[in-house]
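Novice: Can you keep this structure in mind? I'll have questions shortly.
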Amino acid sequence: MPTQTPPWQRLAGIRPGRFTESHADLEWINLGWPVIAWIIVVTMLAGYIQGLLGVGYPMLATPLLSLVVDLRTAVIVTVPTIMLLSAYLIFRGGNLRESVARFWYMPPCMVVGALIGARIFLSVDPSWLLLSLGLALLMYVSLDWLGRAQFPGAKRFLHPGAVLCATLAGVSESAINVGGPFLLIWCLVMGLTPVTLIQVLNLCFLTGKTTQVAALTAGGIPVMAWLSTVPLAVFALLPFLLGIRMRERSDVAAYRRWLRVFLSLMAFLMIARFVRQAWL
């Protein structure tokens, strides 16, 4: 009798055993020491950025890892570490109850988006989503550098904007492992404080990543593939804590400047990654 696929797996477009024939390609430990050394360097750098900005680990790590490994391997290598770092940031800084009370609906929106993104990840080439996100991000940071990224009356759409951006972030986070830009743009336009911004974003990321792992594991990625990358979090820990220390000693204006520079870099990296995948 054929195995029945649960409804939530059908919603995400998941077929049991999708990765079982090719999961050997996802065993990063067998990639060789030069590649492993690069993975460790990227993990440390991304850990520092995650601590400094409170966000950014997958946005930086995914394109850098994609220079030497395929997207599926990059996802497996980055997801467990970002889940651990995000869990820590959610509880740091206080006011968590207030942040959750205001934006409790954003994580469920991430779940819906992540299921859609998992379908894209498993069934089609997500490269065009990567290009679209890179161009949209480039347009926003260009306006921000020109001082025209503040929109009068935007706060009237605080909650509808949150629903839209959280859903889109879930889609792109699950499909291409980069969901932060949508949420970052929303937070900056709405003028959230750094503490609230970091807590809300990491709560969304942790929810989205948990959904992504569940969906892709149901699609055939072995549980041990995820667990094998957990030790990489050790390499991210010290740079992560140093980044937090630097952020907490800086003012809000400096924090926003760092975010602007980071988003500019991410826009160019995503466009370059699309060009590399399309023509090389």
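The values are calculated or read from the model by the stated rules, or taken from the named source; none is laboratory data. Keep in mind that what you see is a predicted model, and the values were worked out from it rather than measured. Please note: Cβ atoms are built from the backbone with ideal geometry, for glycine as well, and neighbour counts cover all protein chains shown.
Novice: Run down LEU192, LEU227, LEU237 and say which single residue is among the hydrophobic types (A, V, I, L, M, F, W, C) and at pLDDT below 85.
Specialist: Matching residue, one of LEU192, LEU227, LEU237: LEU192.
Novice: Here is a follow-up. What helices (runs of 4 or more DSSP H) completely inside the range 13-108 contain at least 2 residues that are within 21 Å of the chain's Cα centre (by Cα), at pLDDT 90 or above and among the hydroxyl-bearing types (Ser, Thr, Tyr)?
Specialist: 33-53, 71-91
Novice: Can you tell me how many residues within the range 55-73 are surrounded by 22 or more Cβ atoms within 10 Å (Cβ to Cβ) and in contact with a Phe, Trp or Tyr (Cβ under 9 Å, 6 or more places away or on another chain)?
Specialist: Qualifying residue count, the range 55-73: 7.
Novice: Here is a follow-up. Taking the condition of being touching a residue at least 24 places away in the same chain (Cβ under 8 Å), surrounded by fewer than 18 Cβ atoms within 10 Å (Cβ to Cβ) and within 28 Å of VAL100 (Cβ to Cβ), how many residues in the range 213-236 meet it?
Specialist: Of the residues in the range 213-236, 2 are touching a residue at least 24 places away in the same chain (Cβ under 8 Å), surrounded by fewer than 18 Cβ atoms within 10 Å (Cβ to Cβ) and within 28 Å of VAL100 (Cβ to Cβ).
Novice: Take LEU238 and decide whether it is closer than 24 Å to ALA87 by Cα and part of a helix (DSSP H, G or I). Spell out the reasoning first.
Specialist: Values: closer than 24 Å to ALA87 by Cα: yes; part of a helix (DSSP H, G or I): yes.
When the stated conditions are applied, LEU238 passes them.
Novice: Go through the range 156-192 and give me each residue that's in a loop (DSSP other than H, G, I, E, B) and among the aromatic types (Phe, Trp, Tyr).
Specialist: Of all residues in the range 156-192, those in a loop (DSSP other than H, G, I, E, B) come to 177-179, 191-192.
Within the range 156-192, no residue meets the criteria.
Novice: While we're looking at this one, here's another question. Does the range 180-200 hold any residues that are surrounded by 18 or more Cβ atoms within 10 Å (Cβ to Cβ), among the polar types (S, T, N, Q) and more than 22 Å from VAL111 (Cα to Cα), and which are they?
Specialist: none
Novice: Here is a check on your reading of the model: is VAL261 modelled with pLDDT of 80 or more, surrounded by fewer than 22 Cβ atoms within 10 Å (Cβ to Cβ) and either farther than 18 Å from PRO63 by Cβ or of a type in the set (D, E, K, R) (or both)? Steps first, answer last, please.
Specialist: Numbers: modelled with pLDDT of 80 or more: yes; surrounded by fewer than 22 Cβ atoms within 10 Å (Cβ to Cβ): yes; either farther than 18 Å from PRO63 by Cβ or of a type in the set (D, E, K, R) (or both): no.
Against the criterion (modelled with pLDDT of 80 or more, surrounded by fewer than 22 Cβ atoms within 10 Å (Cβ to Cβ) and either farther than 18 Å from PRO63 by Cβ or of a type in the set (D, E, K, R) (or both)), VAL261 does not qualify.
Novice: Need the failing condition index for THR210 against (1) more than 15 Å from THR78 (Cβ to Cβ); (2) touching a residue at least 40 places away in the same chain (Cβ under 8 Å); (3) β-branched (Val, Ile, Thr), just the number.
Specialist: Looking at each condition in turn, THR210 falls short on (1).
Novice: Can you name the residue in the range 136-151 that is over 24 Å from the mean Cα position of the chain (by Cα) and over 13 Å from MET190 (Cβ atoms) and is also modelled with the lowest pLDDT among such residues?
Specialist: ARG148
Novice: Can you confirm whether VAL195 is assigned to a loop (DSSP other than H, G, I, E, B) and touching a residue at least 60 places away in the same chain (Cβ under 8 Å)?
Specialist: The answer is no for VAL195.
Novice: Identify, by number, the condition in (1) touching a Gly at 6+ places or on another chain (Cβ under 8 Å); (2) crowded, with 17+ Cβ neighbours inside 10 Å that LEU203 doesn't meet.
Specialist: (1)
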